[in-house]
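Only one structure is covered here, and it is reproduced in the block below.
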Ligand code: OGA
Ligand code: MN
């Protein structure tokens with residue numbers, strides 16, 4: 001396995017490993033350490049099948065079955081399809097996943113360690129790939145906070161709500177997401193997580209508070225919460241924390257859902273895009289796994 005850092009705030013390429021094959025525990029450890037260090041890992045030119053893709057994700061934790069699981073691979077409810085492609089006039093995948101800054105599964109009692117996408121079809125226009133996925137470095141954003149802001153968030157939690165992002169998407173013109181049902185909302189009630197979150201792989205603090213799902217800071221008057229959230233959002237918005245992944249078909253992209261936030265750039269219209277996705281729960285003893 002060769003790991004080549006991008007030289008930017010996030011990102012590394014990992015070559016010399018075929019993800020169709022089972023991983024050794026040494027390889028799992030090396031990938032985990034790289035995930036904490038680089039935040040976004042690209043394994044290019046991968047041809048693994050759906051079974052192997054799910055097995056790869058399972059090396060790092062349990063796989064989530066999405067609460068609004070409208071689109072998934074046959075026999076694999078845990079492997080979601082992200083796509084704008086239509087077959088017989090019907091969507092074959094979720095066409096608008098992640099269009100807005102967010103952290104996958106921060107709305108969940110058990111949060112995600114990582115999300116992994118395998119690019120089957122990447123929109124290309126005039127020779128250039130469209131539909132980048134953008135990331136921000138939350139290790140660096142935490143470090144960049146002024147000392148008084150760090151002191152204000154220490155020991156504080158924020159509430160995260162799955163329905164916030166869902167409703168935000170529904171407000172967009174032409175959006176076809178149905179409202180969440182009562183049963184779906186009950187399965188993912190709002191939850192609280194520390195804002196200064198200790199990353200289980202790096203042991204360092206990250207800023208775990210992104211606009212997509214966060215509704216408020218707990219135990220604070222609304223106006224004070226809004227003002228503090230504004231400071232936190234403005235800090236993470238800085239260009240120096242930004243990294244964009246340009247897709248190539250065959251890429252397996254694995255990102256750190258604790259140490260990064262992300263945004264899907266919707267600039268490709270009807271040019272076909274097809275991604276497989278698994279979301280991996282942070283349900284293992286990572287400090288022990290990387291020791
Ligand atoms: C996601 C997501 C980004 C993309 O699947 O959670 O945000 O570029 N996807 O598809
Ligand atoms: Mn996402």
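The values are calculated or read from the model by the stated rules, or taken from the named source; none is laboratory data. Please read these numbers as outputs of a predicted model, since none were measured by experiment. Positions of Cβ are backbone-derived with ideal geometry, glycine not excepted, and every protein chain shown enters the neighbour counts.
If you go through segment 260-290, how many residues are in a loop (DSSP other than H, G, I, E, B), over 21 Å from residue 27 (Cα atoms) and either near ligand 1 (Cβ under 10 Å from one of its atoms) or within 18 Å of the chain's Cα centre (by Cα) (or both)?
First, pick out the residues of segment 260-290 that are in a loop (DSSP other than H, G, I, E, B): 265-273, 282-285.
Subset that is over 21 Å from residue 27 (Cα atoms): 265-273.
Next, from what is left, pick out any that are either near ligand 1 (Cβ under 10 Å from one of its atoms) or within 18 Å of the chain's Cα centre (by Cα) (or both): 265-266, 273.
Matching residues across segment 260-290 total 3.
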### Message
So residue 225 ticks every box in (1) under 16 Å from residue 100 (Cα atoms); (2) more than 10 Å from ligand 1 (Cβ to nearest atom); (3) touching a strand residue (DSSP E or B) at 6+ places or on another chain (Cβ under 9 Å) but one. Which box is left unticked?
### Response
(1)
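Quick grid of which residues meet (1) more than 21 Å from residue 148 (Cα to Cα); (2) in a loop (DSSP other than H, G, I, E, B); (3) touching a helix residue (DSSP H, G or I) at 6+ places or on another chain (Cβ under 9 Å):
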position	(1), (2), (3)
175	yes, yes, yes
178	yes, yes, yes
185	yes, no, yes
189	yes, yes, yes
197	no, no, yes
201	yes, yes, yes
216	no, no, yes
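Each row is one residue, and each column tells you yes or no for (1) surrounded by fewer than 19 Cβ atoms within 10 Å (Cβ to Cβ); (2) not in a helix (DSSP H, G or I).
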{"residue": "209", "(1), (2)": "no, yes"}
{"residue": "223", "(1), (2)": "yes, no"}
{"residue": "227", "(1), (2)": "yes, no"}
{"residue": "232", "(1), (2)": "no, no"}
{"residue": "247", "(1), (2)": "no, yes"}
### Task
Determine, yes or no, whether residue 123 is in contact (Cβ under 8 Å) with a residue 12 or more places away in the chain, farther than 27 Å from residue 36 by Cβ, touching a strand residue (DSSP E or B) at 6+ places or on another chain (Cβ under 6 Å) and surrounded by fewer than 20 Cβ atoms within 10 Å (Cβ to Cβ).
no
### Summary
Counted residues in segment 84-115 being over 25 Å from residue 62 (Cα atoms), within 11 Å of ligand 2 (Cβ to nearest atom) and without any contact (Cβ under 8 Å) to a residue 40 or more places away in the chain come to 0
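Suppose the filter is assigned to a helix (DSSP H, G or I), modelled with pLDDT of 95 or more and away from ligand 2 (no atom under 16 Å from the Cβ); does residue 193 pass it?
Details: assigned to a helix (DSSP H, G or I): no; modelled with pLDDT of 95 or more: yes; away from ligand 2 (no atom under 16 Å from the Cβ): yes.
In short, no.
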### Summary
Selection from segment 63-120 of residues away from ligand 1 (no atom under 11 Å from the Cβ), farther than 17 Å from residue 280 by Cα and part of a loop (DSSP other than H, G, I, E, B) yields 70, 71, 74, 75, 85, 88, 89, 92
#### Entry: Scan of segment 116-144 for residues that are within 14 Å of ligand 2 (Cβ to nearest atom) and either closer than 20 Å to residue 72 by Cα or out of contact with any helix residue (DSSP H, G or I) (no Cβ under 8 Å at 6 or more places or on another chain) (or both), ordered by number
116, 117, 131, 132, 133, 134, 135
#### Entry: Every residue from segment 131-143 that is more than 16 Å from ligand 1 (Cβ to nearest atom), part of a helix (DSSP H, G or I) and buried (at least 16 other Cβ atoms within 10 Å of the Cβ)
139, 140, 141, 142
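Can you confirm whether residue 9 is surrounded by 13 or more Cβ atoms within 10 Å (Cβ to Cβ) and under 15 Å from the mean Cα position of the chain (by Cα)? Show your work before the answer.
Details: surrounded by 13 or more Cβ atoms within 10 Å (Cβ to Cβ): yes; under 15 Å from the mean Cα position of the chain (by Cα): no.
Answer is no for this residue.
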### Query
Cβ-Cβ below 6 Å, separation at least six or inter-chain, first residue in segment 131-150 and under 23 Å from residue 7 (Cβ atoms) and in contact (Cβ under 8 Å) with a residue 24 or more places away in the chain, second assigned to a helix (DSSP H, G or I) and more than 13 Å from ligand 2 (Cβ to nearest atom): which pairs?
136/236; 136/241; 137/241; 140/241; 141/235; 141/236; 141/241; 144/235
## Note on the structure
Going through (1) within 16 Å of ligand 2 (Cβ to nearest atom); (2) not in a strand (DSSP E or B) one by one, residue 53 fails only at (1)
### Message
Which condition from (1) within 16 Å of the chain's Cα centre (by Cα); (2) closer than 26 Å to residue 161 by Cβ; (3) buried (at least 20 other Cβ atoms within 10 Å of the Cβ) is the one that residue 195 breaks?
### Response
(1)
